[in-house]
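The values are calculated or read from the model by the stated rules, or taken from the named source; none is laboratory data. Remember, predicted model here, so these are calculated numbers, not experimental data. Please note: Cβ atoms are built from the backbone with ideal geometry, for glycine as well, and neighbour counts cover all protein chains shown.
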Amino acid sequence: MLKRYIVFLSRLTVDKYLLIILTMLSVGMVFAVMRTPPSLELFYGQLAGALIIIIYSTIKKRRTQPRAKRR
């Protein structure tokens, strides 16, 4: 299961540092929900951070893709 998730994340063309941060945010989301009283503020904050990283990497990929096609 974890191996498939890592392969999925690597296909997002995320830089390796952003991939590490994204993984830490995902693990943090699990910990936020597993607390005795679930910390929803922490969960949604980490979810927002993960979405920002995914959107940033997508925009970055779209900007660099036309440059690669020219070469």
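Screening Met29 on (1) in a helix (DSSP H, G or I); (2) modelled with pLDDT of 75 or more; (3) out of contact with any helix residue (DSSP H, G or I) (no Cβ under 8 Å at 6 or more places or on another chain) shows it passes everything except condition (3). Whenever a residue of segment 50-71 is surrounded by 12 or more Cβ atoms within 10 Å (Cβ to Cβ) and in a helix (DSSP H, G or I), its partners that are among the hydrophobic types (A, V, I, L, M, F, W, C) and modelled with pLDDT of 85 or more, lying with C-beta atoms within less than 7 angstrom and at least six residues away or across chains, give the pairs Ala50/Leu22; Ala50/Leu25; Ile53/Ile21; Ile53/Leu22.
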